[in-house]
1. Angle, helix B:140-150 long axis vs. longest principal axis of chain B, Cα atoms, 0 to 90°, nearest 10?
2. Would you calculate the separation in nanometres between label points at residue B:206 and residue A:81, each defined as 7 Å from the Cα along the Cα-to-beta-carbon direction?
3. Determine the calculated [θ] at 222 nm for chain A from helices alone, applying -39500 (n - 2.57) to every DSSP H run no shorter than 4 residues and normalising by the residue count; nearest 500 deg cm²/dmol.
4. Given R₀ = 51 Å, what would the calculated FRET efficiency be for residue B:252 paired with residue B:19, taking r from the Cβ atoms and rounding to 0.05?
5. Return the distance in nm (one decimal) between the two label points of a simple spin-label model at residue B:261 and residue B:7, each offset 7 Å from Cα along Cα→Cβ.
6. Using a 10 Å cut-off on Cβ atoms, rank the peptides B:145-154, B:258-267, B:181-190 from the highest mean neighbour count down.
7. How much length is gained if the chain between residue A:43 and residue A:158 is pulled fully straight, taking 0.36 nm per residue apart and subtracting their Cα-Cα distance, in nm to one decimal?
8. Angle between the Cα long axis of helix B:96-106 and the longest principal axis of chain B, 0 to 90 degrees, nearest 10?
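Throughout, read-outs are computed from the coordinates displayed, never taken from laboratory work. This one's a predicted model, so the numbers in the text were calculated from it and none came from an experiment. All Cβ positions, glycine included, derive from the backbone under ideal geometry; neighbour counts span all protein chains shown.
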């Protein structure tokens, strides 16, 4: 029997709760999804230590002996100029936060493919739940997952030697960092859900993810600063939302002066999140079907 | 007869790629009846049910459920119907209880109502004791019962059942039908179902429509349909000679045809059970006795063959069941 007027958001919490239940009831999957960034931080971050390049006791150039102190000074200056900090490990560890957010948000598209394959979506579409709620519940769940994973990475980073150098009060610094990660996850989750709206094969979705994850990562400032990129890559990096999330987090947590104004970076991320979410909800009304 | 609760007018579906799945069909379903849509794989059954339950958009034509248009008011339609899809739709990672209450929230029902109805429904279908077990541990019959209870959480006016017993064994099928009939009685619903099991449509359908190649070939009560294409047959052996009874038998009103083969009289009659006493007394009246008598009534399969020119049993039992099996295996592997 019809039950009076339904709120446009009814069912949203129930659907979000379902997504999260499926996730936290399977801690194995949660742990597995952390392996990759942990390996990056642990192996890449520790081995690819630029500071070691300047560790020699002294350099012997014929006719000239450079004392260790000078080398150390030059090393610090070079690192500082390139990365904005002498601590490459911390630079990378903070970059890993946006990395895990990207990877977690990307897989949101998979859930819609599975729901379709396993018949759950078909059932959903015969209930009066708004189509927008179906998408938004997945976006919210994906954001929660992303932020929890980012927190775990942050804690592991601290254990492995991440050192903060806050540019503002610590709580505000964390708040701003999480805000930027939240917006990043919002935009990417909506984007990848949108790509999956009509998809019936998880293979396609996997291919899209594999096609986009590395280019998105390497065309951002996650591993190296924009200033060290070739000229043709710079505009790509400046369009990449990851760049802005990293710039904001590194400014807040590590005190690294960003190449783009922090406020403008936030505005860019808000725009990214809003545009893709609105587009995602609009397309789900039009195209979400069996 | 009751009022029409489903009105279908020229409903048509052409899939992208130009496949004409449903071809200008029109019919009505009356309030409180069980309406069975019967046809082979690919006949347009699921497409028809999909358009009526608003999961598919019609290319042309209109359908109304309890006065609401599937084209213009799909949300209203969704809130008064219950749907039990052909494929299992419950989330295997969740428990039976979590699945049925989730669906309740999607209908915007208050929490207390959901709890009370979910308890009642799960008790009715005999799943209350396993409600906190994950659905992945349920058997095929249990899953089907869960699906049916999920389709009833909003107390629908019309329940759509797409192949409710597909791929289940005979005993489970009978049990499922027991639940369906009980729920129909308890909630006074109209049931629209698709099936390719002729005997189910025959036994439980108040009216049956046969669909093939996207067109409805015939609609009617199972008995009327059977009578419309062929008569009941009586096989009789008498004590005396055939010639002595032929005359008297062919003058009886219900008798349409009398033949004699292999020492047995074969009589085509309109309504077997009421014709038997007439036939027996007619034989006795000429001083003969009936030694042996048997009755054969036509099945819907004969109706089906008459209208489509092929047997449903042969064609779909293999295809659809193979398909269902494949789907089950795929789910088991994933």
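1. Helix B:140-150 sits at roughly 70 degrees to that axis.
2. The answer from the label model is 8.8 nm.
3. Numbers: 12 runs with 197 residues, N = 290.
Here the helix-only value at 222 nm equals -22500 deg cm²/dmol.
4. On the way: r = 52 Å, r/R0 = 1.01.
Computed FRET efficiency for residue B:252 and residue B:19: 0.50.
5. A separation of 4.9 nm, rounded to one decimal place.
6. Working: B:145-154: 25.3, B:258-267: 14.2, B:181-190: 15.8.
Top to bottom by mean Cβ count within 10 Å: B:145-154, B:181-190, B:258-267.
7. Numbers: separation 115, 0.36 × 115 = 41.40 nm, distance 1.50 nm.
Roughly 39.9 nm would be gained on extension.
8. The answer is roughly 70 degrees.
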